[in-house]
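Note sheet for the following structure.
The values are calculated or read from the model by the stated rules, or taken from the named source; none is laboratory data. In this text the structure is predicted, and so the values were computed from the model without any measurement. All Cβ positions, glycine included, derive from the backbone under ideal geometry; neighbour counts span all protein chains shown. We work out accessible area using only protein heavy atoms, side chains counted, and drop any ligands, DNA or RNA first. Shrake-Rupley method; radii C 1.70, N 1.55, O 1.52, S 1.80 Å.
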Amino acid sequence: MAPAERNLWLQALSQLDGHSGDVPVPPWLAQARLDAVDASHLAVTLPGAARAADVSAALRSALEQALEKALGRQVALEFRSEPASAAAEPPAVEPAPLWPERWRRDARPPLNPQYTFENFVTGPCNRMAHASSLAVSDLPGRAYNPLFIHASVGLGKSHLMQGICHKVLATRPQAAMMYVSCEDFVNQFIASIERGQIDEFRYKFRYLDVLVIDDIHFLADKDRTQEEFFHTFNTLYQAQKQVVLSSDSPPHEIPRIEERLVSRFKWGLVVRIDRPSYETRVAILQKKARLRGRDLPEDVIHYIASAVDSNNRELEGAVIRILGYASLCNRAIDMDLAKEALRDLVVAPSRVITIQNISDAVLQRFNTRLSDLQSKRRAQSVALPRQICMYLARRITNRSLEEIGAFFGGRDHTTVLHADRKIQQMVGHDPAFRGLVEAIEGHVLRP
Ligand code: ADP
Ligand code: MG
């Protein structure tokens, strides 16, 4: 449709919003096409599955009035359905400023107010991720698109992504932005199908300036949502709208996800956050204590930083624990108190745990041998302990997927990932099994 008609149509729609009284305005109307038939007749071609019968008499007359007002003359509208072939294509993108204001207010993302750039400590482990997040929030859609941040759990992905959101909200209050966990995206999609409101879902996610989806690896196995997300992504990308994604692994290591998505994830910038160094851990601890209005003594900070090196969430957990313990016992914070408070959290520092340590501990509980774990045998009696080893190696060593796979008889990284997910699920569902795995882990950490 010509730009003039497009503008006219969008103008009429924005008139409707808030002025149409009780007349519901379906979101797919924004995707409809307006064409002049003659001086007093206009044709409205409806998108996708929408039919002329879906347009109520009240809505028709509200639209005619709005157009009349815009054109200064009486017009009659004729509604048509889009031909099937055209309907299959993803809808074109509307300029974001024409979004209904009502929707925008409701859609403010639920952000953690603490997850700002100001509260984010940078170090060599996350400098790249931090710098690219800043760049993206300064120039959404222009700097890197998509921005793909990956890291294992607790290393600051969600914090950084919400940092982007906070900054965009502060500098571009009019921007249409959405932050969702991937799980939420999937659930909303399913709910929209069940309610027959798929167009609403599309409207919500495709007409954005910035879309931030956290933990995108959750798309694994969700074929229909992957398909939908593929179109969401394309629509936003083509319109140069910013997409930011996070995941627990790099694009090509996300299991059971379509190749065309993996390749798109790599179109922009892929950055990884590593575990923080000792210095960064110290800085994070100081920051977390100060955010709670406290300063921890230097020796206590150093004690925690050497004892807790798995992830940043645990650093924060340690701070919370010490502060809580101190106020509970009404004692000053010193080394004695810190040691007591963290007694069961702390692992003897500086002992490097190897894959061999893990397999030793696992083999004590299973009736099998290392040579079996490293063989090609796939019987359950061998496969399960092998998978537990892989799972624990992912958690408590810094070995890469490839290195772990190599240790267990030259298996490739997808096998390790599969094992990791499988044990993770079993641990989640079966308390007895979780007890076993935790006991083995405890044995590795405190032999
Ligand atoms: P992820 O999403 O990667 O699992 P989160 O973003 O939820 O991790 O981070 C876990 C916790 O650690 C949060 O409380 C977060 O504020 C904190 N955190 C992580 N990285 C940093 C950092 N670089 N500076 C300050 N806090 C951090
Ligand atoms: Mg997270």
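In this entry, Ile353 passes the filter for residues that are outside any helix (DSSP H, G or I), closer than 29 Å to Arg281 by Cα and touching a helix residue (DSSP H, G or I) at 6+ places or on another chain (Cβ under 7 Å). Cβ separations smaller than 7 Å between residues 6+ apart or across chains give the following pairs from segment 360-381 residues that are β-branched (Val, Ile, Thr) to residues that are modelled with pLDDT of 90 or more: Val362/Pro385; Val362/Ile388; Val362/Cys389; Val362/Ile440; Thr368/Ser381; Thr368/Val382; Thr368/Pro385. Give the residues of segment 202-224 that are open to solvent by 10 Å² or more (accessible area, probe 1.4 Å) and either of a type in the set (A, V, I, L, M, F, W, C) or within 16 Å of ligand 2 (Cβ to nearest atom) (or both), sorted by residue number. Correct list: Asp215, His217, Phe218, Ala220. Apart from one condition, Phe148 fits all of (1) within 16 Å of ligand 2 (Cβ to nearest atom); (2) touching a helix residue (DSSP H, G or I) at 6+ places or on another chain (Cβ under 6 Å); (3) open to solvent by 10 Å² or more (accessible area, probe 1.4 Å); the exception is (3). Within segment 261-296, restricting attention to residues that are closer than 24 Å to Ser246 by Cβ, β-branched (Val, Ile, Thr) and open to solvent by less than 50 Å² (accessible area, probe 1.4 Å), which residue is nearest to ligand 1 (Cβ to nearest atom)? Of everything passing the filter in segment 261-296, Ile284 is nearest to ligand 1 (Cβ to nearest atom).
Note on segment 151-165: residues that are open to solvent by 10 Å² or more (accessible area, probe 1.4 Å) and under 23 Å from Thr232 (Cβ atoms) total 3. Being within 14 Å of the chain's Cα centre (by Cα) and within 16 Å of ligand 1 (Cβ to nearest atom) is a condition met by no residue of segment 203-210.
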